[in-house]
Amino acid sequence: MKFSFLLSAIFAAVVAAPMTVNAAVSPYLPLKQNSAFELEVDRLVTITGYPVLKKPYHIASLVSYLDKVKSSHPALYQRINRYIERYKTTAGVTHFQSQLRLSNSNEKSLHNARGVTTESRFDVQATAFWQPNEYVIFNAGGGYSDEEKFSGHGSFVSVGGSYLQLDLGYREHWLSPLQGSSQLVSTQAKPMLGLTLSNVEPITDWNIMYELGFGELESVDGIVFDGETSRGKPGHLTMHLSAQLTDWWTVSGNRTMQFGGGARGRVSLSDVWQAIIDPVSSDNCGGASDLIDCNKEFGNQQASIASRMDLDWGENPYSLIVEIAGEDTNDFKAYKLGNKAYTVGVFIPYLSPTESLNVTAQYIEDAWYSHHLYQKGYSNDGHVIGHWWGDEKRVNDGIGAKVFSVGYSKDFESNSQLRLEYHTIKNEYSESTAIPNYERGHYLKADYQWVYRGQFLGLHWYAGKDLYGDSFNSISFSKQW
């Protein structure tokens, strides 16, 4: 069956299933829309050991952890609680932001900005909701820029309960405990139309969380089949499963699949299942694989294993994050990750009572975000679906990189905040995967936000030197509700 029919069939089956007794559907916290508030949430996650390694966060499950900091961190409690008050009504606008930008350099993709670049002179974002009863929420949202035009992120309907919530529409995914990047799925590209199943409340004493999503990417050229290329809409599958092994240690496993589209467009449920249980014989033809006909390759698969340890150093809490991702299998073994990406991160929510620090080091081996079946790579509407670094290289360059990132924030008494980010990138080559003509890149971002007469204002600066040796500079002003 075609992929759109597959979505419809799954949606009908879930809606027909019985609801969980005494359970309610939950809205989501913002994802890469309100950086000041999202930092507060990240602080709460580390302090309480909130057992979730994916985003966006369900509000209902996070609220149960908010009371744990009511006495120990009253200011943090009040800020988060004040924000989520806007969701405690039947309907309302939860986010509105307008931004004006001035750039005097080459076009650069903004990090995790759904395809918006420095060439965009203005952009507007808004989200709203209506919850007619405890089992259904209608979410309306999106963004508009003069360059990328409209993006429907945040427009979806949610139905279900605590242990089975279904989201149909442009619901986003972030399959990583990292704050600044996600190797498999992030908000670097526009969201895809799709269907997602997940649980709101953790299951059992292990605090198990799951997520299963089917989506359809934008129409793209360069889909290879039988030696020819065609245009079509590939399908996309996301899978996530996590468990809290102790009250301070949570681990997860993630899978993504890019498949079908164009002349490869017909996909059945049995094809999807076979690709899940046997990735070698589905995606790796020849060699030790049972797959002989390369035209029958299912598509492009990726996987990751992530771990977050929420620890204390004296009286200072911190999170230690380790993630290993693979772009393919290795040695024709389904349990071995190939073309690996290693990440280690440390987040200190309170370096001092008003400061936080986030440090991440990543080593990405070759072949990421390029594929022989999809000449436009692992992308949606021209932007990489995963790590923002993927937009900093040429599409067909199957290279890797070393990425080092530092983030620092400072809160001021006058309801203002300064955030600084620095990233340096050095592309890596192996087996002649690309022409080695990239330079080391340096990326600096500064955001200052303050409150003036009840309005949240922001001044943002993004500058540096990219991997091609070109300097860039962009400044913007924002107003947020």
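Structure summary
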item: Portion, in percent, of the accessible area of segment 218-281 that falls on carbon or sulfur, probe 1.4 Å; result: 55 percent
item: Length gained when the stretch Leu311-Tyr363 is fully extended (0.36 nm per residue, less Cα-Cα span); result: 16.3 nm
item: Segment 145-203 - accessible surface per residue (Å², probe 1.4 Å); result: 23 Å²
item: Set of lysines with alpha-carbon distance to Lys88 below 27 Å, sequence-local pairs under 8 removed; result: Lys32, Lys54, Lys55, Lys68, Lys70, Lys479
item: Net charge contributed by nearby residues that have their C-beta within less than 12 Å of Gly469 (K/R +1, D/E -1); result: -1
item: Candidate residues His460, His95: accessible-area rank, largest first, probe 1.4 Å; result: His460, His95
item: Neighbourhood net charge (14 Å Cβ-Cβ; Lys/Arg +1, Asp/Glu -1) for Ile47; result: -2
item: Local electrostatic count at Asn207 - Lys and Arg +1, Asp and Glu -1, tallied over other residues with Cβ under 10 Å; result: -3
item: Anchor Lys233: lysines whose Cα lies under 21 Å away (excluding residues fewer than 8 positions away in-chain); result: Lys2, Lys149, Lys190, Lys296, Lys376
item: Exposure ranking of Ile305, Ile208 by accessible area [1.4 Å probe, largest first]; result: Ile305, Ile208
item: Sparse-neighbour loop sites [GluC sites (Glu not before Pro); segment 365-417; at most 12 other C-beta within 10 Å; DSSP]; result: Glu413
item: Surface accessible to a 1.4 Å probe, Arg231 within the full protein complex, Å²; result: 130 Å²
item: Of all accessible heavy-atom area on segment 345-481, the percent that carbon and sulfur account for (1.4 Å); result: 57 percent
item: Tyr163-Ser471 pseudo-label distance in nm [points 7 Å out on the Cα-to-Cβ vector]; result: 6.1 nm
item: Rel. contact order, % - alpha carbon contacts under 8 angstrom, at least six apart, segment 338-481; result: 17 percent
item: Total charge dipole magnitude, segment 315-409, about the Cα centre, Cβ charges on Lys, Arg, Asp, Glu only, Debye to nearest 20; result: 200 debye
item: Stretch gain in nm, segment Trp248-Val451, where the contour uses 0.36 nm per residue and the Cα spacing is subtracted; result: 69.6 nm
item: For segment 73-133, fraction of C-alpha pairs farther apart than 20 Å, in %; result: 52 percent
item: Relative contact order (%) - the chain, alpha-carbon pairs under 8 angstrom, separation at least six; result: 12 percent
item: Protein accessible area in segment 52-181, 1.4 Å probe - carbon and sulfur %; result: 57 percent
item: At R0 = 22 Å, FRET efficiency that the Cβ-Cβ distance of Val124 and Glu85 yields, to 0.05; result: 0.40
item: Alpha-carbon radius of gyration plus Dmax, which is the widest Cα pair, for the chain in Å; result: 21.8, 68
item: Computed FRET value (nearest 0.05) for Asn133 with Lys68, which takes r as the C-beta separation and R₀ as 41 Å; result: 0.90
item: Order of exposure, largest accessible area first, which applies to Val403, Val251 with probe 1.4 Å; result: Val251, Val403
item: Computed accessible area, Glu439, all protein chains, 1.4 angstrom probe, square angstrom; result: 80 Å²
item: Residues of segment 360-481: accessible area per residue with a 1.4 Å probe, Å²; result: 46 Å²
item: Amide proton proximity set for Ser379, modelled H, under 5 Å, gap of 5+; result: Ile385
item: Counting DSSP beta bridges with both ends in the chain, the antiparallel % (nearest 5); result: 100 percent
item: Label-point separation in nm, Leu459 to Gln274, each point 7 Å along Cα→Cβ; result: 6.1 nm
item: Value of relative contact order over segment 127-232, rounded to a whole percent, pairs C-alpha under 8 Å and six or more apart; result: 17 percent
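The values are calculated or read from the model by the stated rules, or taken from the named source; none is laboratory data. Not measured: the values here are computed from a predicted model. Every residue, glycine among them, receives a Cβ derived from its backbone with ideal geometry; neighbour counts consider all protein chains shown. Surface accessibility is based on the protein's heavy atoms, side chains included, excluding ligands, DNA and RNA. Shrake-Rupley method; radii C 1.70, N 1.55, O 1.52, S 1.80 Å.
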